[in-house]
1. Farthest toward the dipole's positive end in chain A, which of A:Val811, A:Cys177, A:Asn73, given Cβ charges of +1 (Lys, Arg) and -1 (Asp, Glu) about the Cα centre?
2. Loop only per DSSP, at most 14 neighbouring Cβ atoms within 10 Å: give me the GluC sites (Glu not before Pro) in the stretch A:317-410, ordered by residue number.
3. Any idea what the dipole of the stretch A:706-768 comes to, in debye rounded to 20, about its Cα centre with Lys/Arg Cβ at +1 and Asp/Glu Cβ at -1?
4. For A:Asn314 and A:Lys103, what does the FRET efficiency come to when R0 = 60 Å and r is the distance between their Cβ atoms, rounded to the nearest 0.05?
5. Check which residues have an amide H placed less than 5 Å from A:Leu241's amide H, if you skip close sequence neighbours.
6. What nm distance separates the two modelled labels at A:Glu707 and A:Ser375, each placed 7 Å from Cα along Cα→Cβ?
7. Can you list the HN-Hα couplings for the stretch A:535-547, worked out from phi with the Karplus curve (6.51, -1.76, 1.60; θ = phi - 60°), rounded to whole Hz and with x for Gly and Pro?
8. Tell me the label-point distance for the pair A:Asp533, A:Arg226, using the 7 Å Cα-to-Cβ offset, in nm and rounded to one decimal.
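A short reminder: the numbers here are calculations on the coordinates, not readings from a lab. This one's a predicted model, so the numbers in the text were calculated from it and none came from an experiment. Here the Cβ is made from the backbone with ideal geometry for all residues, glycine too, and neighbour counts use every protein chain on show.
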Amino acid sequence: MAKKYEPSKIEAKWQKFWEKNKTFAASDKQRKPKFYCLIEFPYPSGEGLHVGHPRPYTALDILARKRRMQGYNVLYPIGFDAFGLPSENYAIKTGIHPSVITKKNIATFTKQLKSLGFSFDWDRVITTTDPAYYKWTQWIFLQMFKNGLAYKAKMTINWCPSCKIGLANEEVIDGKCERCGTSVEKKEKEQWMLKITKYADRLINDLADVDYSEKIKIQQINWIGRSEGINFKEKVKDLDLEFEVYDSIPQTFLAQTFTVIAPEHPLVQKLIAGTKYETPVKEFVARIKSRKAANRFVIEKELEGIFTGRYVANPFGTGDLPIWVASYVLADYGTGIVNCSAHDERDFAFAKKYDLPLKIALLPTDKDHAEKVKSLAEFYRAPDGVIQEPLEFKGLRWDEAREPIIKYIESKGYGRRAVNYKIRDWVFSRQRYWGEPIPMVYCENCKATGASATGWIPVPENDLPVQLPNVEKYEPSDSGESPLAAISAWVNIKCPVCNAKARRETDTMPNWAGSNWYFLRYIDPKNRKHLADPKKLGYWLTVDWYNGGMEHTTLHLLYSRFVYKFLYDIKAVPKAKGPEPYAKRTSHGLILGAGGEKMSKSRGNVVNPDEVVKAQGADTLRLYEMFMGPFEQAIPWDAQGVMGVRRFIEKVWNIYQGQVKIEKKCSEALITLTHQTIKKVTDDIESQDYNTAVSALMILTNKISDEKIMNKFVAVALVKLLAVFAPHVGEELWQMLGNKKSILAAAWPEYDEAKLLNKNTNLVIQVNGKVRDMILVRADLTEQEAEKLAKQSEKVLKFIENKKIVNTIFVPGKLINLVI
RNA sequence: GCCCAGGUGGUGGAAUGGUAUACACGAAGGACUUAAAAUCCUUUGGCAGUAAUGCCUUGCGGGUUCGAGUCCCGCCCUGGGCACCA
């Protein structure tokens, strides 16, 4: 009897079934091959799930379900990255403890995620704010400290005056706070730092061994910014001072005519001490610093400098170089001091502005152009320019001259090879309440006795976790101290080493801390002795497929690779698994509002997934999000498009309600199309072409519907293929076909290579590459037969009459082209 | 400025160098209905033509090829990332 398609009924039914039967539980003891697929766990915000969330979750859910049907033991876990500012800000407003809010939000998220039928293993849920979890986040920090990778340093940080929080470089977008959009200021603060720079080379080199999309690799490589060059040794004339200057393009070194130093550089004071330059230079430095602090500094417009009165003593036998303080020099890249030449655009402009000497060591081949460059009328640097000096290398191209000149510089003793990186050590302190406490204690006595050089003592591992105490007020202070600093009973403790009075670190960790390693905890979420059991790690690692947002490429993804490499080095994860956590990384595109703009509350264009589920069902939402467009691309939401997908599901549903008969025999064309569809869907899921996979299912469905008769093979194949995209309706139809177990226990459909081709095909007849006719022929037609048929076509005849055929191109089963 | 994607109907988009516009949305017409919704059928890149049919069409300009949305060269535009890194 024909039943109506009622998504709310069947979806509730199957969600209950899966929960009761633990259909998605991953087993740690299995002979099956394992497959670990991972999505970025959500931050449980008060707004609840957004339609953007299900896009990647559905994509990997499809993969997870397919792998189960292919016989894998699949781990597809979910958790919550629950530390973070929104909960804390809400607490400030309402006085409700962040843990209370977090609990409530997680309940909402859980309900919503379950309503979408994702095949997550709900027995392995983790939450980063759980002390049993952050115990291990703190443990990792302690290991970093013990291995010299965590250190406290006073440094200029990016300070958001609104959030009252220090930000990592990665969290500053266009000089503004990533979260609230307030202009970021510079502030001097003592901060815990992690030495990610020590891993810079490995983070680049090991990319060769992982399957990440090229754009992710390139973005990480550019972010790390490895640069090779020369450190030149320099002496200051008339002063007992030496320093080095870094140059990544040393082949024009003989064009260097002056030296610039960053205003913040400590050496500046020594250069000017006691000279008539002291006062004006100090004033200059103060001015530039204050403008930089306010973040009102536009480099192109403000090339400013002042002479220090000092010179570099004749570095290359061609004379002394005046030393200037210049606004455009970075203090924290290279050595903070740079030799300048006419072949750097900024140096050129700076020299013009202050009338400094310039010299040419590279010329273009074009004569007129060369004259222009010689006369210093124009800046010049190009790989095909010709070296003029040193004379030994005159005539070499600029790019070819690099290595020989570097060797020359080394042999002369002017300098030595050096490497620099754009990436900086990672600022790991936040002056906030709702984060993992940094498990460190400061002890004056230990510093005085020399028991600790810095006075910083790690909390003993047995005392972990250092739990967040309850607070009355969550507001951070303007002084930049965390709200924790106000709780003296928590702050003031006895030193774990000497028992003297000591105080706890009151900074907390950034919200990246908990997400660095969460994928390890899923493997063994309740372990109390280790961050995860080594045997289980050995079974489940490496993560086979990790999908996430492009916006995390230089944040979470890079951080977690770094942390994993560290854990690998200290043998906290199995050596046999290698130094990379994720074998494959892909990324999804954003879902935009209907107009193509970002979805946001203020624009009022946010689509609530609950409403879509209520009106059309979870299967429709899932299928629509896969069908809407290429997975990696940002796509606007289209409510009409959702309806189209719903119509498709109903069409399939009706087919199985007796609208199409299942008989022993059906048309050969339908069998062929079914094989083609199995192949297409099988392949497209692997290449993440979900939109074309869905369209292939629609084509097959349309065909079945037209034919009115299908056989068991076709009926089973369509349900199985559909079931990974739309699991509820998939299970329901599977049951209607007489099956008792979940469709995930059934095998993924196989196609027969021999049955992919149609017996008959449309042969395209071209004349000079233009389509003139099309005839239905046997697919195995020979060239001779095809040519004969082509020449008989009336439509073709018109074009070849009285012409000589000089060539024939034949593509079997597809096309014949007559060239006249 | 540098690096990475991309530019195809009214819209989202599809196309191993081989029928451009699959699939879906929207629109128009029709059937059913007292009516509407839902559903079903037909049409739907442009121009000319009653039609058969012909010509044109994948941002622009060249090139390679029997044949180019696809490959090469030079531009233009859009999106994303980086940006005082010497």
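1. Working it through, the farthest residue towards the positive pole turns out to be A:Asn73.
2. On the way: sites: A:Glu345, A:Glu371, A:Glu378, A:Glu392, A:Glu400, A:Glu410; in loops: A:Glu378.
Within the stretch A:317-410, the qualifying GluC sites (Glu not before Pro) (loop, at most 14 other Cβ atoms within 10 Å) are A:Glu378.
3. 160
4. The formula returns an efficiency of 0.30 here.
5. Counting only residues 5 or more places away or on other chains, the set is A:Val236.
6. 8.0
7. 5, 5, 4, x, 6, 8, 6, 7, 4, 6, 8, 10, 10
8. With each label placed 7 Å out from Cα toward Cβ, I get 3.9 nm.
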